[in-house]
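Below you'll find the structure, written out as structure tokens, and then a few comments.
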Amino acid sequence: MTAYQNFIEQIQSSIQAEDFIKLSLGDYNGVEPELKNIYVKPVLIKRVFKLSFTYRYKTRDITKNFMVDEAIEQITAVLHERGFRVGTLFTAKENAICQWNKKKLWTLKSEQPTATKVDSLSHDHQKERKIGSTSKKYLAELRLTDAEGKVFKNAQDKWRQINHYIEILSSMLKELASEKVLNVVDMGAGKGYLTFALYDYLNNELQKPASVVGVEYREDLVSLCNTIAEKCDFNKLSFVQGTIEDFNPIQKPNVLIALHACDTATDDAIYKGITNETDLIVVAPCCHKQVRRQLEKVKTVNDLDFMTQYGIFLERHAEMLTDGIRALILEYYGYQTKVLQFIADAHTPKNVLIVGVKKKINEKRQQEILAKLQATKAYFGIEYHHLERLCGL
Ligand SMILES: C[S@@+](CC[C@H](N)C(=O)[O-])C[C@H]1O[C@@H](n2cnc3c(N)ncnc32)[C@H](O)[C@@H]1O
């Protein structure tokens with residue numbers, strides 16, 4: 001039995017004896033570009049014991065979880081092929097180091113233990129994040145983490161929000177991503193937190209090739225984001241300076257997102273999605289001034305005055321009416337539409353997500369929708385909705 005086979009046996013027995021703390025594989029000599037290490041640790045996922053592999057690349061990490069047998073197969077394969085030429089097993093009793101030496105032989109040695117066992121594998125209650133924070137250069141560049149990937153205290157909320165948003169989008173994206181290469185456009189990208197995270201998630205976590213374009217009118221943010229994208233070798237991520245209204249995509253986007261694009265900028269974004277027949281449109285609207293201004297004018301003259309006389313109700317009323325009409329217009333264009341709560345109210349009041357998935361619609365249903373739109377405007381006393389005007393309905 002060679003030294004590396006002994007090493008594999010040691011790994012198996014340490015797992016059986018519940019003594020396994022972690023494993024690292026280094027000195028990579030394989031063909032995968034920019035792969036540097038694999039780190040393996042035990043995790044409990046929905047109460048099932050697994051081994052979590054973090055594949056550390058130059059500018060990103062990919063995490064995959066395996067059952068023990070699969071994990072052992074993976075480790076055996078990479079050592080057998082000498083993709084990795086050093087493996088270190090950390091247990092409570094020792095560090096076992098298996099190494100391919102200059103004489104082209106595997107050696108195995110034991111050293112004093114350096115790692116301590118954690119009492120519980122707390123992963124059941126520690127939220128599994130869609131994107132890990134370690135070794136993600138863009139997160140450090142965006143000042144969300146330090147160089148080691150530790151999320152800054154003041155960035156915790158943003159970090160949770162990014163992951164939550166990716167979590168919501170992931171199932172919708174997986175369906176689309178299996179069909180085609182994705183062209184994603186993020187309207188009103190701001191500082192690009194979510195744009196970067198989405199690019200990383202699609203290309204690196206899901207391994208689905210995707211081009212992502214962020215549209216933003218603040219030149220300073222566009223320039224910052226393009227610099228970071230370049231530094232991280234995110235070759236298919238770019239940011240374009242300009243308005244959503246004037247943006248003309250080179251390639252038709254099949255996914256369009258607009259998160260917290262102010263007031264009618266959300267309508268401009270939806271309109272771009274509709275006219276480009278985008279498969280998936282996801283918007284989180286913010287400040288509903290255009291409809292609110294019209295409601296202000298009629299607040300004391302219609303039957304709803306008992307509510308709309310109060311500022312907070314007028315505000316909520318404007319939100320629901322604006323977004324309800326957006327959903328209706330999306331439906332008119334054949335989008336199967338859902339409205340979801342995006343994040344808990346405590347984090348931000350801008351918490352509604354409108355999701356449209358392109359399907360088909362017949363003319364009869366379209367006529368019903370147009371009638372509903374006219375009746376709704378008359379009932380609430382509003383003259384027009386910005387999206388309705390853009391669409392020429
Ligand atoms: C509140 S921030 C949201 C940023 C990002 N989407 C997020 O959720 O973190 C809105 C961004 O949209 C940009 N924006 C608003 N209206 C726009 C328009 N019509 N065209 C381009 N960018 C716009 C603003 O400059 C701002 O950076």
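In this simple spin-label approximation, Ile97 and Asp27 carry label points 7 Å from Cα along the Cα→Cβ vector, and these lie 0.9 nm apart. Summing Lys and Arg as +1 and Asp and Glu as -1 over all other residues whose Cβ lies under 9 Å from the Cβ of Met187 gives a net charge of -2.
For the range 156-252, trypsin sites (Lys or Arg not before Pro) are listed when DSSP marks them as loop and at most 10 other Cβ atoms sit within 10 Å of their Cβ; the list is empty.
Residues whose amide H comes within less than 5 Å of that of Tyr217, counting only those at least five positions distant or on another chain, are Gly242 (H built at 1.01 Å from N in the peptide plane).
The separation of the range 50-122 from the range 262-317, counted between C-alpha centres, amounts to 55 Å.
Rolling a 1.4 angstrom probe over the range 23-83 with all protein chains present gives an accessible area of which 48% lies on carbon and sulfur atoms. Multiplying the residue separation of Thr114 and Val68 by 0.36 nm and removing their Cα-Cα distance gives an extension gain of 14.2 nm. When both the range 223-258 and the range 2-36 are represented by their alpha-carbon centers, they are found 40 Å apart. Amide H contacts for Lys208 (H built 1.01 Å from N in the peptide plane; partners 5 or more residues away or on another chain; cut-off under 5 Å): Asn203. This model, with +1 at the C-beta of Lys and Arg and -1 at the C-beta of Asp and Glu, gives the chain a dipole about its Cα centre of some 580 debye.
Using a probe of 1.4 Å, the accessible surface attributed to His386 totals some 50 Å² when neighbouring protein chains are kept in position. Measuring only protein heavy atoms, the 1.4 Å probe finds Met187 accessible over about 0 Å².
Here is the list for the range 17-114: GluC sites (Glu not before Pro) lying in DSSP coil, each with at most 16 other C-beta atoms within 10 angstrom of its C-beta, are Glu18, Glu34, Glu81. Summarising the label geometry, the points placed 7 Å from Cα in the beta-carbon direction at Leu224 and Lys359 lie 4.1 nm from one another.
So if the hydrodynamic radius of the range 3-111 is defined as the Kirkwood radius over C-alpha pairs, what does Stokes-Einstein give as its diffusion coefficient at 4 °C and 1.567 mPa s, in µm² per second?
Rounded to a whole number, D works out at 92 µm²/s.
In straight-distance terms, cross-link reach from Lys136 covers every one of the aspartates and glutamates whose alpha-carbon lies under 13 Å from its own, apart from those fewer than eight places away in the same chain; here that gives Asp61, Asp146, Glu148, Asp200, Glu205, Asp233. For the pairs Lys36/Lys117; Lys252/Lys338; Lys22/Lys64, flag any whose C-alpha to C-alpha distance is greater than 20 Å. As for pairs spanning more than 20 Å Cα to Cα, those are Lys36/Lys117; Lys252/Lys338. Once both labels are positioned 7 Å from their Cα atoms along Cα-to-Cβ, the gap between Glu9 and Lys104 label points is 2.6 nm. A helix-only calculation puts the chain at -11500 deg cm²/dmol for mean residue ellipticity at 222 nm, using -39500 (n - 2.57) for each DSSP H run of at least four residues, averaged over all residues. Accessible area of Thr114 (1.4 Å probe, protein heavy atoms only, ligands and nucleic acids ignored): about 110 Å². Restricting the range 13-62 to trypsin sites (Lys or Arg not before Pro) that sit in a DSSP loop and have at most 15 other Cβ atoms within 10 Å of their own Cβ leaves Lys46, Arg47, Lys58.
Here the Kirkwood formula, the inverse mean of 1/r across different C-alpha pairs, assigns the chain a hydrodynamic radius of 24.0 Å.
Return the FRET efficiency for the residue pair Ala17, Ala77: r is the Cβ-Cβ distance, R0 is 25 Å, and the value is rounded to the nearest 0.05. Mind dumping the intermediate values first?
Values: r = 24 Å, r/R0 = 0.95.
Step by step, r from the Cβ atoms, then E = 0.55.
The values are calculated or read from the model by the stated rules, or taken from the named source; none is laboratory data. All of these numbers come straight from a predicted model, not from anything done at the bench. Counting neighbours? That spans all protein chains shown, and the Cβs are built from the backbone with ideal geometry, glycine included. Quick note on the areas: whole protein, heavy atoms, side chains included, nothing else; ligands and nucleic acids left out. Shrake-Rupley method; radii C 1.70, N 1.55, O 1.52, S 1.80 Å.
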